[in-house]
Every structure is written in C-alpha cells, then in structure tokens.
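The values are calculated or read from the model by the stated rules, or taken from the named source; none is laboratory data. Quantities reported herein were computed from a predicted structural model and do not represent experimental measurements. Please note: Cβ atoms are built from the backbone with ideal geometry, for glycine as well, and neighbour counts cover all protein chains shown.
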Amino acid sequence: MKVKIGTILIWSFLSVTLILFLWAKLSGGSGIVFSWLFVSQLFSLLGATLLALSFVLSSRWRFIEAWFGGMDKMYHYHHLLGGLAFVLLLHHPLFLILEALPAIGIAWRYLWLSNMLPYNWGILSLYSMALMLIFTLLVSLPYSLWQKTHEFMGLALLFATLHILTITSDVSRFIPLRLWIVFLLLLAASAVIYRRFLYGLFGPRYQYLVKKTRRLGDIYTIDLVPTAKKLFFRPGQFVFARFSGMGSEIHPFSLASGPHEDFIRIIIKVLGDYTWRLDSLEPGSPATLWGSYGTFGDGAFGDHDLIWIAGGIGITPFLSLLIDETQNTKSRQIDIFYCVSSETEAVFDQEIKRLSAQKPGLTYHLHPTNVCGRLDVGRLTKLCGGLSNKKIMLCGPGDMMNSLTSQLSSAGVKNQNIYFEDFNFK
C-alpha cells in the first residue's frame with residue numbers, strides 16, 4: 001500500500017489541475033473548444049504540475065519516501081516526472097506555433113526572446129530545463145559537476161513561476177486555478193530552498209569522527225564513531241555523508257554495520273575524483289551524516305525464508321542485515337549470494353563466512369561469474385530448494401537486478417516478494 005499512496009497522490013494532483021482548467025474554460029463563457037491553443041494550455045498546466053512534484057520528490061523529506069516504497073523508487077519517480085514535465089512543456093510553445101501559423105512573426109516569439117517579457121520567462125524556463133536534461137542524459141559528468149547542472153532546474157522553476165504569474169491566461173482570470181497553481185509553485189520552491197540551502201543545516205544530521213579507514217582493492221571501509229547523539233538506523237539503510245577537508249559535497253553511502261554496534265561502517269567503491277581523495281582521510285577527521293534513509297531492509301521483516309543476492313558493492317546493505325540477523329532469535333533459512341567477477345574481488349568473503357557460521361540456517365554462496373557464469377533463476381532454484389514462499393532481495397548493478405527480477409517474475413515469484421534497491425541518485 002505504501003507504494004500506491006505516492007502514485008495516487010500524483011494522479012490526484014494531475015486530476016485537480018485538469019478539473020480546474022476545464023472549470024476555468026466553462027466559467028469564462030468560451031466553453032471547451034478543442035484547438036491547438038486549448039491543448040497547449042492544458043499541456044502547460046499539466047507540465048507545471050509534474051515539474052512541481054518532481055522538485056518535491058528530490059527534496060529528501062523523509063516522510064515522503066514511505067509513500068513510494070523507498071528513496072530509490074522516489075528518485076525514479078522524480079526522474080520520470082521531470083522528463084514528462086519537459087515533454088509537456090516543450091509541446092506548449094510548439095502547439096502555440098501551430099495555432100499562430102501562418103503568421104511567422106507571431107510564431108517566432110514562442111521560440112526566441114523578444115520585447116514581450118512574460119513570453120521571455122517561459123522561453124528561458126524551457127531552455128534551462130533543456131540544458132539540465134542534456135547534461136543528465138547525454139553527457140557523463142562526475143557527481144560534483146552533475147550536482148551543479150541541477151541548479152539549472154532551480155532557474156527553470158524561477159522562470160516558469162514568473163511566466164505563469166505574468167502572462168494573461170486562465171490562471172490570471174480564474175481565481176481557483178490561480179490559487180492551485182500558486183500552491184504548487186510554492187510547494188516546489190520550498191523543496192528547492194530546503195534542499196539547496198537548508199538541508200545541510202537543518203536536515204536530520206549527526207556529528208561523527210573517523211575511527212579508522214581501510215583500503216581493500218578498489219573498496220574503502222570507513223568506521224565512524226559519534227561525538228554526541230548516535231544515529232539510529234535500520235539494517236539495510238543508507239546515509240548522506242560529508243567528510244571534513246573533502247569539500248562541501250554530500251554523497252549517499254550504504255551502512256554496513258549493525259544498529260546495535262557502537263560505531264557506523266560505510267563502504268565506498270572508488271569511482272571518481274571524490275572517492276580517490278579518500279586516501280587523505282585520517283582517523284579523527286570530522287564527518288557529518290544525514291539520515292537514515294531507505295526501506296530496502298524492510299524485506300527482511302517477519303519470519304519468511306530469505307534469498308539475498310548481492311552484486312559487487314551491492315553486498316554493503318546485506319552486511320548490515322547479516323550482522324543484525326546474528327543478533328536475533330529468529331529461526332529461518334537465508335541463502336546469501338555474493339556475485340563477483342572473480343574470487344579476488346570478493347573482499348568480504350571471509351567476513352561473510354564468519355558471520356554465516358554464527359547462526360544455523362544461514363547458507364553462503366560465493367558466485368564468481370568467471371567460473372559459474374551469470375547467476376540465473378535456475379541456479380537459484382536448485383541451490384535454495386525452490387523459490388516459493390520466500391522473499392528475495394537484490395542489490396547490485398542495474399543489469400543484474402533487471403535480469404533477475406524479470407526471470408523471477410517469469411518463474412512465478414510474486415512482485416511483493418521481490419525487493420531491490422537501485423542505489424543511483426543521479
């Protein structure tokens with residue numbers, strides 16, 4: 001039901017916009033007349049609604065993620081709504097051009113700057129969104145630069161607000177529609193202000209110190225201890241972190257320790273300039289953590305038998321879940337699959353063996369793909385004694401999770417018994 005709440009809210013917001021738009025047409029006396037102008041106006045309002053919701057879903061407000069089944073899924077909605085908003089808003093001037101033709105002079109003002117300021121705000125908003133989408137979809141940028149490009153979205157919202165509030169339209173004439181659109185714009189603006197300016201100061205933050213760091217090939221493990229209040233988290237969750245001396249960037253990292261332990265461990269794969277700088281991180285360095293976030297570990301709730309499938313660095317949340325499992329009295333079967341390219345990359349192999357040996361019912365399967373090939377549903381069924389009545393949790397590369405999810409569904413595993421986390425917030 002949690003996932004459905006978010007979807008219902010999205011459709012509800014779109015429905016309110018549609019109803020108020022049609023009401024505005026009927027109350028204005030012109031009635032509902034289908035034309036390029038009508039479609040253009042409708043697309044602009046629906047696009048503005050989706051754009052506002054997209055900003056809200058990137059705010060990191062923790063109460064929202066429960067409505068979508070986790071922050072990873074919330075960010076998928078954020079990307080989807082942002083893309084749909086751009087498509088709708090792009091067609092707004094295109095349909096206006098079709099309405100204006102063959103008057104080229106009038107049509108041109110919908111594409112380029114002129115002496116008509118309200119139109120200029122709309123054009124600037126659209127071009128700002130286009131630049132952001134180009135950097136996101138077509139250019140592979142480091143995380144820090146990618147974050148900078150998202151500032152174009154704040155500009156797009158500002159220009160869109162100015163356009164909507166200064167243009168003569170149904171929004172300016174019909175008070176209920178105007179109040180609704182202003183509410184949406186304020187909601188989006190509050191999300192931008194919170195995420196851009198207030199989150200670092202007033203978000204759910206905790207102060208920690210680096211206890212020790214360890215380099216394992218292209219993996220860093222960092223142990224952190226609290227300086228005051230300890231962060232509470234559930235197994236399988238993640239935090240956003242910023243380390244002193246490494247700039248102002250805030251990055252998401254999964255937790256690999258148990259909630260009962262007096263320290264927090266995060267595991268980081270070296271991927272870019274930021275992670276390479278971790279070599280300079282020393283014991284005693286301050287760190288700020290924001291969180292905790294995520295609902296991935298909720299799949300382990302209850303007494304069901306479990307199958308855990310990790311690909312590479314995706315083992316991180318399972319380490320937290322495994323540590324917690326050794327501390328409880330539940331009696332159930334858990335099969336743990338650690339998928340790596342080769343055994344030399346299984347840097348947590350010994351730790352998993354040690355933890356698995358501490359409790360009956362835990363069965364560990366190391367799966368090097370250079371020897372065993374890719375893990376598939378046939379091998380899972382054989383090694384786990386069937387898949388029925390088991391919850392299956394996956395974390396790893398997107399291709400692996402998509403392939404296994406599709407295979408599991410084809411094998412008759414119900415969607416509610418498949419849990420996955422796509423740890424990608426770009």
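Among residues of segment 91-115 that are assigned by TED's automatic domain parsing to the domain that holds Ser40 and without any contact (Cβ under 8 Å) to a residue 60 or more places away in the chain, those with a Cβ under 7 angstrom from a residue that is part of a helix (DSSP H, G or I) and aromatic (Phe, Trp, Tyr), sequence gap 6+ or separate chain, pair up as His91/Phe43; His92/Phe43; Phe95/Trp36; Phe95/Phe43; Arg109/Tyr119; Tyr110/Tyr119. Looking across segment 356-374, just one residue is at pLDDT 95 or above and of a type in the set (A, V, I, L, M, F, W, C), and that is Leu366.
Results for (1) of a type outside the set (A, V, I, L, M, F, W, C); (2) out of contact with any Cys (no Cβ under 7 Å at 6 or more places or on another chain); (3) surrounded by 18 or more Cβ atoms within 10 Å (Cβ to Cβ); (4) at positive phi, shown as yes or no for each residue.
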{"site": "Ile352", "(1), (2), (3), (4)": "no, yes, yes, no"}
{"site": "Leu355", "(1), (2), (3), (4)": "no, yes, yes, no"}
{"site": "Lys359", "(1), (2), (3), (4)": "yes, yes, no, no"}
{"site": "Leu362", "(1), (2), (3), (4)": "no, yes, yes, no"}
{"site": "Asn370", "(1), (2), (3), (4)": "yes, yes, no, no"}
{"site": "Leu383", "(1), (2), (3), (4)": "no, yes, no, no"}
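Consider segment 269-289 and keep the residues that are in contact with a Ser or Thr (Cβ under 7 Å, 6 or more places away or on another chain) and among the hydroxyl-bearing types (Ser, Thr, Tyr). The one that is modelled with the lowest pLDDT is Tyr274. Inclusion of Gln416 among residues that are in contact with an Asp or Glu (Cβ under 6 Å, 6 or more places away or on another chain), surrounded by fewer than 17 Cβ atoms within 10 Å (Cβ to Cβ), farther than 21 Å from Leu255 by Cβ and not acidic (Asp, Glu) is not warranted.
Residues in segment 375-405 that are charged (D, E, K, R) and out of contact with any Leu (no Cβ under 9 Å at 6 or more places or on another chain) were compared, and the one that is farthest from Phe318 (Cα to Cα) is Lys382.
For segment 259-293, which residues satisfy the criterion of being in contact (Cβ under 8 Å) with a residue 40 or more places away in the chain and among the aliphatic types (A, V, I, L, M)? Of everything in segment 259-293, those that are in contact (Cβ under 8 Å) with a residue 40 or more places away in the chain and among the aliphatic types (A, V, I, L, M) turn out to be Ile264, Ile266, Ile267, Ile268, Val270, Leu278, Leu281, Ala287, Leu289. Just so you know, in segment 25-43 the residues that are among the small types (Gly, Ala, Ser) and over 24 Å from Phe86 (Cβ atoms) include one that is surrounded by the most Cβ atoms within 10 Å (Cβ to Cβ), and it is Ser27. You will find that of Phe174, Phe183, the residue that is on the phi < 0 side of the Ramachandran plot and under 25 Å from the mean Cα position of the chain (by Cα) is Phe183 and no other. Being on the phi < 0 side of the Ramachandran plot and in contact with a strand residue (DSSP E or B) (Cβ under 8 Å, 6 or more places away or on another chain) is the filter here, so list the residues in segment 385-395 that pass it. Within segment 385-395, Leu387, Lys390, Lys391, Ile392, Met393, Leu394, Cys395 meet the criteria. Of the helices (runs of 4 or more DSSP H) contained entirely in segment 2-109, those carrying at least 3 residues that are within 30 Å of the chain's Cα centre (by Cα) and of a type outside the set (A, V, I, L, M, F, W, C) fall at 2-27, 36-57, 71-100. Output the residue which, of all residues in segment 110-122 that are assigned to a helix (DSSP H, G or I) and in contact with a Leu (Cβ under 6 Å, 6 or more places away or on another chain), is farthest from Phe159 (Cα to Cα). Taking the candidates together, the pick is Asn120. For the condition without any contact (Cβ under 8 Å) to a residue 24 or more places away in the chain and over 28 Å from the mean Cα position of the chain (by Cα), Cys372 qualifies.
If you go through segment 217-226 one residue at a time, do you hit one that is of a type in the set (A, V, I, L, M, F, W, C), modelled with pLDDT of 95 or more and in a loop (DSSP other than H, G, I, E, B)? Within segment 217-226, not a single residue is of a type in the set (A, V, I, L, M, F, W, C), modelled with pLDDT of 95 or more and in a loop (DSSP other than H, G, I, E, B).
Kindly provide the set of residues from segment 263-318 that are aliphatic (A, V, I, L, M) and farther than 23 Å from Ile250 by Cα, ordered by number.
Narrowing segment 263-318 to residues aliphatic (A, V, I, L, M): 264, 266-268, 270-271, 278, 281, 287, 289, 300, 306-307, 309-310, 313, 315.
Passing the criteria: Ala300, Leu306, Ile307, Ile309, Ala310.
Would you confirm whether any residue within segment 203-218 is farther than 25 Å from Arg277 by Cβ and out of contact with any strand residue (DSSP E or B) (no Cβ under 9 Å at 6 or more places or on another chain)? Scanning segment 203-218 turns up no residue that is farther than 25 Å from Arg277 by Cβ and out of contact with any strand residue (DSSP E or B) (no Cβ under 9 Å at 6 or more places or on another chain). Here is the figure for segment 315-337: residues that are surrounded by fewer than 22 Cβ atoms within 10 Å (Cβ to Cβ) and within 23 Å of Gly69 (Cα to Cα) total 1. The set of residues in segment 252-269 being under 15 Å from Ile315 (Cβ atoms), in a strand (DSSP E or B) and not charged (D, E, K, R) consists of Phe253, Ser254, Leu255, Ile266, Ile267, Ile268.
Conditions tested, residue by residue: (1) surrounded by fewer than 17 Cβ atoms within 10 Å (Cβ to Cβ); (2) outside the structural domain of Leu394 (by TED's automatic domain parsing).
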residue: Lys212; (1), (2): yes, yes
residue: Lys229; (1), (2): yes, yes
residue: Arg234; (1), (2): no, yes
residue: Phe243; (1), (2): no, yes
residue: Ile250; (1), (2): no, yes
residue: Trp290; (1), (2): no, yes
residue: Gly299; (1), (2): no, yes
residue: Gly311; (1), (2): no, no
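The test for being without any contact (Cβ under 8 Å) to a residue 12 or more places away in the chain and outside any helix (DSSP H, G or I) holds for Arg214.
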